[in-house]
Every structure is written in structure tokens, then in C-alpha cells.
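Here is the structure we will look at.
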Amino acid sequence: MDKLVIRGGNKLYGSVTIGGAKNAVVALLPATLLARDVVVLENVPAIRDVKIMLGIMSQLGAQVKRLDKTSFRIDTTHVTVQEVPNDVAKRLRASYYLIGAMVGTFGKADVSLPGGCDFGVRPINLHLKGFKSLGVNVDIDNGMVRADAKEGMTGSSIYMDEVSVGATINVMLAAVKAKGLTIIENAAREPHIVDLANFLNRMGANVRGAGTDVIKIRGVEELHGCTYSVIPDQIEAGTYMVAAAAAGGDVTIKNVTPKHLESITAKLLECGVEIEEGDDEVRVRRFGELKPCNVKTKPHPGFPTDMQPQMVTLLALAKGTSIVHESVWESRFRYVDQLIRLGAKINVGGGKTAVIQGVDGFKGACVNATDLRAGAAMIIAGLVAEGETEIEDIYHIERGYEDVVEKFRAIGADIQRRYYPDEDDLELRA
Ligand code: EPZ
């Protein structure tokens with residue numbers, strides 16, 4: 001098994017370039033089905049979730065060709081509608097976007113329920129509500145989502161009881177070819193929603209209002225291929241900003257959209273971090289003490305839940321008490337036990353609020369990455385901890401962070417990937 005091994009104490013200096021957004025590209029890839037044509041996607045991040053989704057697209061009959069390190073040519077002309085079984089769908093949360101894309105393309109989909117990080121219950125009732133509003137017969141049977149729009153789809157108004165990124169995206173994918181007007185109210189406003197709308201419109205769709213809480217989609221007969229570049233990853237950028245704030249030093253994070261980072265920048269400024277914004281980069285400096293602050297995660301443009309573990313790790317090192325409330329997910333503090341192993345003083349009452357007493361520093365230990373962003377938080381903690389920190393289950397991290405060892409080493413972190421033969425290997429040897 002591979003682990004990340006970090007020797008803490010180095011300040012970070014230099015620059016790091018951000019890749020394409022994971023939560024955008026995992027929607028854009030299934031969306032290429034709607035074109036039934038050739039699509040070229042650029043600025044695609046080299047992450048495990050992309051590899052998995054490209055593999056699923058190939059299994060469905062898409063011709064996938066890598067053009068260079070970050071560009072792919074995807075020809076979906078000959079894709080046929082077919083089942084996406086559990087052993088494929090369970091490998092990533094975003095597999096459920098294949099439902100919307102296949103319903104939009106073929107009027108039919110049979111996709112197993114998705115996998116994804118464990119934050120407690122992750123229902124898909126709003127996805128199903130949206131499909132039903134469009135006239136799709138959809139139900140869950142033996143863990144499979146079976147959707148059928150024999151009579152075609154008709155646009156309608158859909159109110160999202162919760163702000164849901166996934167449900168907003170799935171309804172957009174189905175509605176682009178529904179007859180007439182679809183209105184999604186209380187829609188998610190994340191940057192990746194806007195990116196999907198721009199991509200769909202580039203393919204000939206008619207989507208208006210993405211980025212606001214009302215998205216209007218007028219159905220079209222046909223979509224076509226295009227070339228499109230994925231937006232930079234807001235959460236990867238935020239993670240390196242928080243890492244620089246935690247370790248101290250002076251780091252420039254390149255290929256970002258500063259507007260997407262506003263809530264993260266605001267909180268870091270509150271913590272006494274210096275931030276300088278350029279057109280497509282942010283410079284983060286921290287030499288003085290970290291100040292405590294309170295954070296409440298919210299749908300965009302609020303503070304992103306996907307930055308919560310990283311921010312809690314930073315606040316665990318601030319002088320004073322901070323309170324972080326997780327309002328999006330039922331239980332997204334499982335990683336706190338791992339921070340406590342490093343010396344953090346955090347109390348999670350009732351599962352949704354963490355009360356953090358800042359400490360002077362962490363001491364290195366063995367920790368687990370309990371999910372993707374928690375794994376990023378362990379790296380940040382390891383950068384600061386005295387001595388060596390070993391992080392297990394790093395496959396979580398590689399789902400969403402491209403070249404994470406190389407990028408951190410390039411700004412001065414003492415981090416390496418080390419292979420540890422685990423019991424299976426040893427048994428083999430015996
Ligand atoms: C997406 O998950 C992201 N994943 C998550 O990022 C992110 O945490 C989340 O959006 C919120 O921003 C991808 O984009 C692949 P939701 P998603 O539907 O779509 C409730 C990461 O680290 N809800 O916006 O599954 C739900 O329980 C990952 O990159 C319903 O009640 O999240 C939650 O409380 C982790 N019914 C809230 O809405 C539904 O039908 C937000 O969930 C759907 C959701």
C-alpha cells in the first residue's frame with residue numbers, strides 16, 4: 001500500500017498551477033453524450049475520478065483519445081444506451097450524471113445508485129423529482145435507477161427543496177432536449193454549474209441564468225460537438241491557499257478565477273493571512289500569528305463545504321477559539337479524530353458544529369484520509385506537524401488532487417509517496 005510521508009516545519013515558497021475543476025469535468029464528460037458527435041475537452045485534470053469517468057464513457061462505446069496532457073477527444077456518435085452496473089457506478093458519486101445525460105440523449109437510462117464520500121445520508125430524491133417533472137418514468141429497483149421517457153420529455157417548473165449541485169446538474173442534462181421551457185428554482189449556483197451551462201450552450205443548447213438560483217432551459221432538437229476548456233478547480237486552489245496559510249511563507253497560486261475564491265479569501269483575511277489578487281492568480285503570505293474565526297459552510301457563494309476540513313485544520317492552529325458549522329452535510333467531521341491524533345483540540349457536538357481550541361502546533365503521527373477533502377486536510381496538518389506524519393488511504397486524495405506530491409514538493413514541502421508492503425504482499429511472500 002502507498003502512503004504519503006511528510007516531515008513538517010517547512011514554510012512554503014514559490015508558485016503552483018491549478019488544474020481543471022473535478023466537480024465540473026465529472027459533469028461535462030457525461031454531458032458529451034448529448035452531442036452524439038466529437039467533443040474536445042481541454043484543461044482536464046489528471047485525477048482518478050476523470051480516469052474512472054473516461055473508462056465508463058469508453059465502456060458505453062465512446063471513442064476516447066488523449067490529445068495531450070490535459071486534452072481529450074471524445075466521440076460519442078456510436079454510444080448506445082445500456083445499463084451502468086453497480087461495480088462501475090459505485091466508483092464515483094458523479095456516475096449518476098449518466099442518468100440525466102442518457103435520458104436527455106436516448107430517453108432512457110438504467111444506472112446503479114452512485115458511490116462517493118461518506119458524509120451520512122446522501123439522498124437523490126430531488127434528482128428523481130426533477131426527472132418526474134419532465135415526464136420521465138423513474139424508479140429505484142434493486143439499487144438501479146431505471147428511467148424511461150417513452151413519450152419524450154416536456155419542460156416544466158421544478159423547485160429544489162434543498163440547494164443541490166447534483167440534482168441541478170442532472171435536471172439540466174435531461175432538460176436541454178425536453179420540449180419547451182424548464183425552470184429550475186432554488187438551483188445551485190456553484191462555478192461548475194455555470195461551467196456546465198456554458199458547455200451545453202457551446203453544444204447548441206439554450207440554458208440561461210446559471211450562477212443564479214433560477215435556471216431557464218429551452219429545449220432544442222439537437223446538440224453538436226465543440227471544443228471546450230474546463231474551468232480551474234476552486235477547491236484545489238482553496239486547498240493550496242489554506243496550506244500556505246497554515247505552513248506560513250509566500251505562495252502564488254496560478255490559473256485560478258479569483259471570483260470563485262471570494263468566500264475563502266474573506267475567511268483567510270479574517271485569520272490574518274495576506275492575500276493579493278491578480279487576474280488569474282492569488283498570492284498568499286503568512287508570517288504572523290493566525291487569528292481564530294467562525295465559519296458556516298453554505299452553498300455557493302457561501303463558504304464551500306469542500307473546504308471545511310482544510311479550514312478546521314488551519315483554525316486548529318490559530319490563537320483562540322473558533323467555531324465551524326457544517327450546514328450542507330449530515331456528518332462531515334469524521335476526520336477530526338485524525339486531527340486529534342496530531343494534537344488538535346476540537347470538540348464536535350451533535351455532529352454539525354466543531355468547537356476548536358487553537359494549539360501551538362501538531363506532533364507527527366500515522367493518520368488516515370477518511371475521504372477526499374479530509375485527506376487534503378491531513379496533508380496540511382502534516383506540513384505543520386513536528387516530525388513525520390504518515391497518511392494512509394491516499395487513493396481518496398488522488399481522486400481529486402492531480403500530482404499532489406509534485407505540486408507540494410515544488411513549493412518546498414518535504415513530502416513523498418512511500419510504498420509499504422501490506423499484509424497481502426507479506427502473505428504472498430510467505
Ligand atoms: C456535490 O455533491 C459535490 N460532488 C460535493 O463535493 C459537494 O460537497 C456537494 O456537491 C456540495 O457542494 C460532486 O460535484 C461530484 P448536493 P452532491 O446534491 O451533488 C441534499 C468533493 O469533495 N440532497 O449539492 O452529491 C444532500 O443530502 C465532493 O468534491 C437532498 O436532500 O451534493 C446535502 O445535504 C464531496 N436530496 C445537500 O442536498 C437530493 O436529491 C447538498 O447535496 C440531493 C441532495
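Once C-alpha pairs closer than 8 Å and six or more residues apart are averaged by separation and normalised to the residue number of region 242-331, the relative contact order reads 29 percent. The C-alpha atoms of the chain define a longest principal axis, and helix 48-59 lies at about 20 degrees to it.
What is the chain's relative contact order, in percent, from Cα pairs under 8 angstrom and six or more apart in sequence? Rounded, it is 20 percent for the chain.
Between the helical axis of 22-31 and the longest alpha-carbon principal axis of the chain there is an angle of about 10 degrees.
For the peptides 305-312, 415-422, 109-116, 276-283, residues were scored by their other Cβ atoms within 10 Å and the scores averaged per peptide; the highest-first order is 305-312, 109-116, 276-283, 415-422. Only aspartates and glutamates eight or more places from residue 108 in sequence, or on another chain, were considered; those with a Cα closer than 13 Å are 83, 139, 148, 151.
Among 90-98, 403-411, 34-42, 231-239, the peptide with the highest mean count of other Cβ atoms within 10 Å heads the list, and the full ranking is 231-239, 90-98, 34-42, 403-411.
The chymotrypsin sites (Phe, Trp or Tyr not before Pro) found in region 276-385 that occupy coil by DSSP, while having at most 12 further C-beta atoms within 10 Å, are 287. Charge dipole of region 185-309 (Cα centre as origin; +1 on each Lys and Arg Cβ, -1 on each Asp and Glu Cβ, all else neutral): 280 debye, rounded to the nearest 20. By the count of other C-beta atoms within 10 Å, a proxy for reagent exposure, 159, 228 are ordered fewest to most as 159, 228. In straight-distance terms, cross-link reach from residue 296 covers every one of the lysines whose alpha-carbon lies under 22 Å from its own, apart from those fewer than eight places away in the same chain; here that gives 259, 267, 319, 345, 352.
Sorted on the mean count of surrounding Cβ atoms within 10 Å across their residues, most packed first, peptides 263-270, 246-253 read 246-253, 263-270.
Just so you know, all these numbers are worked out from the coordinates, no wet-lab data involved. As the structure is a prediction and not an experimental result, all values here were calculated from the model. Please note: Cβ atoms are built from the backbone with ideal geometry, for glycine as well, and neighbour counts cover all protein chains shown.
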